[in-house]
Amino acid sequence: MTRSLLRPGALLLAGALLAAGCSAGSTASSGAAPGSPDAPLRIGLTAEPANLDFTRTDGAAIPEALLVNVYEGLVRLNQQTGEIEPALAESWTVSPDGLVYDFTLRDGVTFSNGEPFTADDVKFSIERVKSDAWTVSLKSGMGVVSGVEAVSPTHARVTLSQPSNSWLFRMTTRIGAMFDPSGVADLANAPVGTGPYRVSEFRRGDALVLTRRDDYWGDEPAIAQADLQYFDDATAAVNALLTDGIDVIGTVQAPEALAQFDGDGRFQVIEGTTNGEVTLAMNNAAGPTRDPRVRRAIAMAIDHQAVLNTAWAGRGALIDTMVPPTDPWYEPLPDVTPYDPAAARALLAEAGAPNPSLRFRIANLPYAVAAAQVVQSQLAAVGIQTQIEPLEFPARWLDEVFKKADYDLSIVSHVEPRDIRTFGDPTYYWRYDNPEVQRLLADSETGSQQQQIDDLRQVGRIIAEDAAADWLFLLPNLIVADTDVKGLPQNRIGEALDLTALSRG
């Protein structure tokens, strides 16, 4: 049975409960019985990729599936520690002035199409990010690169126009993925990477099948095949796990359902943290929310603990700005916009907008829909009227909210690492334009590590004081799985769902 994406209501909540037999519709192509050591690992997820090309399609669903598994970079992010680790580069050095990075590449690496990986591919891949071939917003992270040289097949040299404290970290994200020049003709359907898996099947509205490569350069992952199955209803995923339709719920979207797994020896429940900031975006350039007093009133009208308790069963953490606790510049700011409905009403009156009406265009994912309903009620209590409009994610939400900024309020989780820098881009969908924030972000790139921390803490405080957005809560890492699945991550602080550490037994 084909499952559609979270349709109106998805980053989304969908409709009817799938029957148990239908939930198990994505059967293993290997023919092995579910649960046996040779069977595919079936992982239930929510946000399905619209296609497989993250160079031209924004959103987290594509890198979640493909980064690390199909595509690799020179470096990678350790999900537990946040440290940068070697990947396709076995080592690297940085010049004393911070401008030149010399990468020593691993020998014997091949792409899934059989082509060897060399420094020429590093040059091609980095230069391609800077070209018109890449259109996603994150490509700006490569803007600091002034040149790339293939010194030898195993030696790539990258020169920056100025020192950058964040560039190497950004190379752990999708913009650092390495591509083969002969393998980019159809990235939306046929990805070609150096990773341990290849895409063997993509059934839109249903599943993405990743199969282990026999010619992978590194350690062979224990899981031979992973079936990423996409559910448009949170309860359907729970039902599928209970009836052996899947083996793992990779991102629990019905946290209130976790109680039914307590004491059931068939399953394990993992709860950790992520860097997924569930953000109430506010349009800073148009409509009533262009007035900072209205934005502050909105933030002060929201009881964030009540939102977390009601929308996400109290699972997760409260944050006060676009900085999760796993970032080095994290600083609690609970007193900047405290819950104060009376002060919110006073700010609205001062702004001459005691009863504004706002378009509340959200991604139709479970957390967004659940949180929007609570926020709507709390805003109504201070005189702010909202019309909730769930938009299909990713396609419609990305087009109308993210690209066109056609909204007053929106809700989506931002999972890209260290994304506080988006507030330095006036063209980003919150349309926030603050020269002081832009200056601090620029300064944070070139100073010492301590200056970077100090500058980004200031940015966090300024955007909170301006109510450039409001941060409802930090999504937890909630996973439920069969007990024989090993290596599941306690935390997820990067873009990828890393399959390489998983095993069964």
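The values are calculated or read from the model by the stated rules, or taken from the named source; none is laboratory data. Bear in mind the structure is a predicted one, so any value in this text is a computation, not a measurement. Neighbour counts run over all protein chains shown; Cβ positions are idealised from the backbone, glycine included. When the accessible area is computed, the model is the full protein with side chains, heavy atoms only, and any ligands, DNA or RNA have been set aside. Shrake-Rupley method; radii C 1.70, N 1.55, O 1.52, S 1.80 Å.
Once the mean 1/r over all distinct Cα pairs of the stretch 293-425 is inverted, what Kirkwood radius in angstroms do you read off?
15.8
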Over the Cα atoms, compute the radius of gyration (one decimal) and Dmax (the largest Cα-Cα distance, rounded to a whole number) for the stretch 61-160, in Å.
13.8, 39
With N set to the residue count of the stretch 113-193, report its C-alpha Rg divided by 2.2 N^0.38 Å to two decimal places.
1.08
Convert each backbone phi in the stretch 407-422 into a coupling constant with the Karplus relation 6.51 cos²θ - 1.76 cosθ + 1.60 (shift: θ = phi - 60°), then list the ³J(HN,Hα) values in order as whole Hz, x for Gly and Pro.
6, 9, 10, 8, 9, 7, 8, 9, 9, 5, x, 6, 8, 4, 5, 5
Using a 1.4 Å probe on heavy atoms of the protein chains only, the accessible area for Arg290 in Å², nearest 10, reads 140
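Across the chain, how many lysine pairs separated by 8 or more positions, or lying on different chains, have Cα atoms within less than 25 Å?
Lysine pairs meeting both conditions in the chain amount to 6.
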Phi angles of the stretch 296-304, converted by Karplus (6.51 cos²θ - 1.76 cosθ + 1.60, θ = phi - 60°) into ³J(HN,Hα) in whole Hz with x for Gly and Pro, give 5, 4, 4, 5, 7, 7, 9, 8, 5
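Within the stretch 253-341, report the GluC sites (Glu not before Pro) that DSSP leaves as loop and that have at most 14 other Cβ atoms within 10 Å. Spell out each step's value before the answer.
Numbers: sites: Glu256, Glu271, Glu277; in loops: none.
Here no loop site has a sparse enough neighbourhood.
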Residue by residue through the stretch 270-287, what is 3J(HN,Hα) from phi via Karplus (6.51 cos²θ - 1.76 cosθ + 1.60, θ = phi - 60°)? Round to whole Hz and write x for glycine and proline.
10, 10, x, 10, 9, 10, x, 7, 6, 10, 8, 6, 10, 6, 7, 10, 8, x
May I ask for the distance between the Cα centers of the stretch 203-236 and the stretch 399-456, given as a whole number of Å?
33
Taking the Cα atoms of the chain, report the difference between the largest and smallest coordinate on each principal axis, in whole Å and largest first.
67, 60, 37
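I'd like the carbon and sulfur percentage of the solvent accessible area for the chain, probe radius 1.4 Å, heavy atoms only, ligands and nucleic acids excluded. All intermediate terms of the calculation are to be shown ahead of the outcome.
Details: 9000 of 18210 Å².
Answer for the chain is 49 percent, counting heavy atoms of protein chains only.
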Whole angstrom only: what separates the Cα centroid of the stretch 114-149 from the Cα centroid of the stretch 307-350?
38
